[in-house]
Amino acid sequence: MPAILVTGANGQLGTELQRRQWPDDIEIVAVDLAELDLTDTDAIAAMVASRPFAAVINGAAYTAVDKAESDLVTAWAVNALAPAAFGKACAEAGIPLVQVSTDYVFDGSKTGAWEVNDPVAPLGVYGASKLGGELAVRTSGARHVIVRTAWVVSAHGNNFVKTMLRVGADRDTLNVVADQHGSPTSAADLAETLKTIVLRLIRDDTAPTGTFHFSNAGATSWAEFAAEIFRQSEQRGGPSARVEPIPTSEYPTPARRPANSLLSHDAIRAAYGIEPRDWREALSDILDELMKEDA
């Protein structure tokens, strides 16, 4: 049975990849830190060579954006050297690699959605290390697809939706940044997209390769996102709070964030026929799941 190796098994994306309905003839082998140390390139090579995998989805990453500013060696090991090791191993095995990347490779200065070929200029260690991973994969010789995404949320793990609901349950008013724009991404929708891509890569040697963007559709700000979370939560009898928009300057962080993280879907639409749904609809599904868990 063809097997697909998935990293980051316990993360938002890894969890959703394991929840997808895969074809009966496909086995998902999902690993996390306990099974594979991503700072150990020899272990990565041994894992890929341990059985005849049909493909690898590297969804694991060092995502502590602020901590990365002072922990750059670990961030670069996980976000750049690990993809390099996966690329080399996949090239040697003759199998495709799907690498997940981020909007943080851009500096956020553009007006409008970022295209896949726009100039990259990361603002901090996290974005730079993820860009290093992209470059490593591109030069590895492996057939590959790199999917950049942004603002990933789900009913699992730690993310903006769950943080807002938790904090909103204790406070009447929340200050949320209003001058950073982008589009939220449902981890479930991202997982479904990666599933579509990896199955095509396995079954079709002429499947499109290269770099693509995926997020849910529609632009918003963090403050508007928070307000919509509380609006939909209140409809379900959940926590609600008033959102007070503030500028980034009033919420300083060790790492600079891109002011504009909006990603264009033109490339993935043209290559794979993927049409992202509106982020509000995706949020609705996440809240439905969270409210069921709390019921």
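Derivation of every value follows stated rules applied to the coordinates shown; laboratory data play no part. The structure displayed is predicted, hence computed values, not measured ones. Cβ: placed from backbone, ideal geometry, glycine included. Neighbour counts: every protein chain shown.
Numbers at a glance
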{"quantity": "Positive-end residue, the chain charge dipole about Cα centroid, Cβ charges, pick of 99, 211, 240", "calculated": "211"}
{"quantity": "Excluding exposed DSSP-loop trypsin sites (Lys or Arg not before Pro) (at most 14 other C-beta within 10 Å), longest clean stretch of the chain", "calculated": "21-170"}
{"quantity": "For residue 212, residues with placed amide H under 5 Å, excluding near neighbours", "calculated": "146, 147, 148"}
{"quantity": "Charge sum, other residues only, whose C-beta stays under 14 Å from residue 111's C-beta, Lys/Arg counted +1 and Asp/Glu -1", "calculated": "-3"}
{"quantity": "Estimated [θ] at 222 nm from DSSP helical runs (n ≥ 4, -39500 (n - 2.57)) normalised by residues in the chain, nearest 500", "calculated": "-11500 deg cm²/dmol"}
{"quantity": "Whole-angstrom gap from segment 75-125 to segment 253-288, using each part's C-alpha centre", "calculated": "17"}
{"quantity": "Length added when fully stretched, residue 175-residue 292, from 0.36 nm per residue minus Cα-Cα", "calculated": "39.4 nm"}
{"quantity": "Most fluctuating residue given options 264, 183, 215, as computed from a GNM of the chain linking Cα atoms under 10 Å", "calculated": "264"}
{"quantity": "Residue 66-residue 3 FRET efficiency (beta carbon distance; Förster radius 22 Å; 0.05 resolution)", "calculated": "0.05"}
{"quantity": "Residue 249-residue 42 FRET efficiency (beta carbon distance; Förster radius 30 Å; 0.05 resolution)", "calculated": "0.10"}
{"quantity": "Label point distance in nm, residue 92-residue 50, each placed 7 Å from Cα along Cα→Cβ", "calculated": "1.6"}
{"quantity": "Given charges at beta-carbon only (K, R positive; D, E negative), |dipole| of segment 20-132 in Debye", "calculated": "180"}
{"quantity": "For the chain, share of DSSP beta bridges that run antiparallel, in % to the nearest 5", "calculated": "5"}
{"quantity": "Relative contact order of the chain, pairs being alpha-carbon contacts under 8 Å that are 6 or more residues apart, as %", "calculated": "21"}
{"quantity": "Relative contact order of segment 45-196, defined on C-alpha pairs under 8 angstrom at six or more residues apart (%)", "calculated": "25"}
